[in-house]
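Written below as structure tokens is the structure these notes are about.
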Amino acid sequence: MLPLLLFCVALCACNQTPPVEEPVIIEATSGDGETNYGAVSVDEPPVPEPPADLATTTDWPEAMLESGEARISCEVDYETSGDGATLSDLGFEPMSETMAPCQETGVLRLSYSGKVATDFVTLVERVGVMADRMGLRNRILDIDSSGGQVEAAIRAGDLIAEAGWTIWVREDAVCHSSCVLVLAGGDNRLISGKVGVHRIIRLQSGATSRAELSQELQEVHANIEQYLARNGGAVALADMMMTVPNRSLRLLTTHELEEFGIVGINAAQDDLDRIRLARKCGEDFVRRRDNFFRSFDRKCARQDENLDAMNTCGLELRERFGFPDGKCRLDSPFSEFDQAIHASTSQASDADADSTPAG
């Protein structure tokens, strides 16, 4: 009788459903006391045509970053290496000098803390162009933002989508309001901090009634839907952004992040990568890569987990699936760590060689 009882207890334990993560609504606040934060829709003038192609010339128009702080690091380990050098002048020479050390590691990590505004778009565009010119394939946007302009978030997200970025929201960071739209542009999104949304504030509105305001917001809503659709996100996210009062903030649960397609591997980019990698690296590579990311999502990518711990878990896990791959090392999961490790090893070897007495 006792074995049967133990079996029943074990069976009940196995059939228990995990606790449901309840959504949380908190009061929305601005870090600087201004109204231009959160999810703001504005009437922007047409973006002027650049006087020259940034990809081919050094004569870049003057531009400064004023809506936040940006730092450039050439390491993935932020706990040990910090966040790197400050970048505020977005001219060609200052950016070239700040990013040049990353050519040794092959890794670029852009840390940004501040509003999502037009100068953030300029930052993302120019860092991406400079990374192309320097051959830096591994790019990480390490973001901490309470939001800003919806239109700027969409433009930045589209630039990110075309430039191969991984996006981090660290455990001590947030990505609120319009910042959530930026997440949709990333190839991969690792989230340990808090992600939240609320209703869009329409500035410069001429509306005098709910109906007129609704018509204006419907146009913004349609733009967000189109943006999410082309970048692999769920258009349902746009609906939620229209319903939460802007004085409140709805923190998204882990399940909602997955349902909205703004965490983990980007579904739209993954389709393109699978086609490219099957041609380049073979079907077996793609199969092992798929199995790795499924296992990573189950074992490593938990929102309540420290981001550094996620990366460590992924590095340990990938060996089970034959990565880094001998033929396609740079296309293997977490290849940015391999390049950083290789660079550190090479520097150590050079230092040892320099210190060896001549025979």
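The values are calculated or read from the model by the stated rules, or taken from the named source; none is laboratory data. In this text, all values refer to a predicted model and were calculated from it rather than measured experimentally. No Cβ is skipped: glycine too gets one built from the backbone with ideal geometry, and neighbour counts run over all protein chains shown. What goes into the accessible areas is simple: the full protein's heavy atoms, side chains included, and nothing from ligands, DNA or RNA. Shrake-Rupley method; radii C 1.70, N 1.55, O 1.52, S 1.80 Å.
Scan region 198-249 residue by residue and report those that are aliphatic (A, V, I, L, M), without any contact (Cβ under 8 Å) to a residue 60 or more places away in the chain and part of a helix (DSSP H, G or I).
Within region 198-249, Ala211, Leu213, Ala222, Leu228, Ala229, Ala236, Leu237, Ala238, Met240 qualify.
Being in contact with a strand residue (DSSP E or B) (Cβ under 6 Å, 6 or more places away or on another chain) and touching a residue at least 60 places away in the same chain (Cβ under 8 Å) is the filter here; which residues of region 84-105 pass it?
Selection gives nothing.
Kindly indicate the residue of region 197-252 that is among the polar types (S, T, N, Q) and farther than 22 Å from Arg155 by Cβ and also least open to solvent (accessible area, probe 1.4 Å) among those meeting that condition.
Among residues in region 197-252 that are among the polar types (S, T, N, Q) and farther than 22 Å from Arg155 by Cβ, the one least open to solvent (accessible area, probe 1.4 Å) is Ser248.
Within region 250-276, how many residues turn out to be assigned to a loop (DSSP other than H, G, I, E, B) and free of Cβ contacts under 8 Å to residues at least 60 places away in the same chain?
Residues meeting the conditions: 1.
From Thr58, Thr80, Thr86, grab the single residue that is in a helix (DSSP H, G or I) and either buried (at least 16 other Cβ atoms within 10 Å of the Cβ) or out of contact with any His (no Cβ under 9 Å at 6 or more places or on another chain) (or both).
One residue alone meets the criteria, Thr80.
Please specify each residue of region 300-331 satisfying the condition of being within 19 Å of Val263 (Cβ to Cβ) and assigned to a loop (DSSP other than H, G, I, E, B).
Cys300, Ala301, Arg302, Gln303, Asp304, Glu305, Asn306
Name the residues in region 89-109 that are crowded, with 18+ Cβ neighbours inside 10 Å and under 17 Å from Leu136 (Cα atoms), would you? Spell out how you get there, then give the answer.
Of all residues in region 89-109, those crowded, with 18+ Cβ neighbours inside 10 Å come to 90, 92, 95, 98-99, 102, 105-109.
Phe92, Met95, Thr98, Met99, Cys102, Thr105, Gly106, Val107, Leu108, Arg109 - these are the residues of region 89-109 that are crowded, with 18+ Cβ neighbours inside 10 Å and under 17 Å from Leu136 (Cα atoms).
Quick check, is Tyr78 over 18 Å from Val127 (Cα atoms), modelled with pLDDT of 55 or more, in contact with a strand residue (DSSP E or B) (Cβ under 8 Å, 6 or more places away or on another chain) and of a type in the set (Ser, Thr, Tyr)? Steps first, answer last, please.
Working: over 18 Å from Val127 (Cα atoms): yes; modelled with pLDDT of 55 or more: yes; in contact with a strand residue (DSSP E or B) (Cβ under 8 Å, 6 or more places away or on another chain): yes; of a type in the set (Ser, Thr, Tyr): yes.
When the stated conditions are applied, Tyr78 passes them.
Listed here are the residues, each with its yes/no results for (1) among the aliphatic types (A, V, I, L, M); (2) under 23 Å from Arg289 (Cβ atoms).
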residue	(1), (2)
Ala163	yes, yes
Glu171	no, no
Ala184	yes, yes
Arg202	no, no
Ala222	yes, no
Asn246	no, no
Arg250	no, no
Ile262	yes, yes
Ile265	yes, yes
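What residue, among those in region 185-196 that are of a type outside the set (Val, Ile, Thr) and more than 8 Å from the chain's Cα centre (by Cα), is surrounded by the most Cβ atoms within 10 Å (Cβ to Cβ)?
Gly196
Applying the selection to region 49-89, what residues are closer than 17 Å to Thr118 by Cβ, in contact with a Gly (Cβ under 7 Å, 6 or more places away or on another chain) and of a type in the set (D, E, K, R)?
Glu62, Glu69
List pairs: first residue in region 124-144 and of a type in the set (S, T, N, Q), second residue open to solvent by less than 10 Å² (accessible area, probe 1.4 Å) and in a strand (DSSP E or B) anywhere in the structure, Cβ distance under 9 angstrom, at least six positions apart or on different chains.
Correct list of pairs: Asn138/Val107; Asn138/Leu108; Asn138/Arg109.
Just name the residue that is farthest from Phe337 (Cα to Cα) out of those in region 123-172 that are open to solvent by 10 Å² or more (accessible area, probe 1.4 Å), aliphatic (A, V, I, L, M) and touching a Gly at 6+ places or on another chain (Cβ under 8 Å).
Going through the qualifying residues, I end up with Leu159.
Of the residues Gly164, Gly157, which single one is under 26 Å from Ala309 (Cα atoms) and of a type in the set (Gly, Ala, Ser)?
One residue alone meets the criteria, Gly164.
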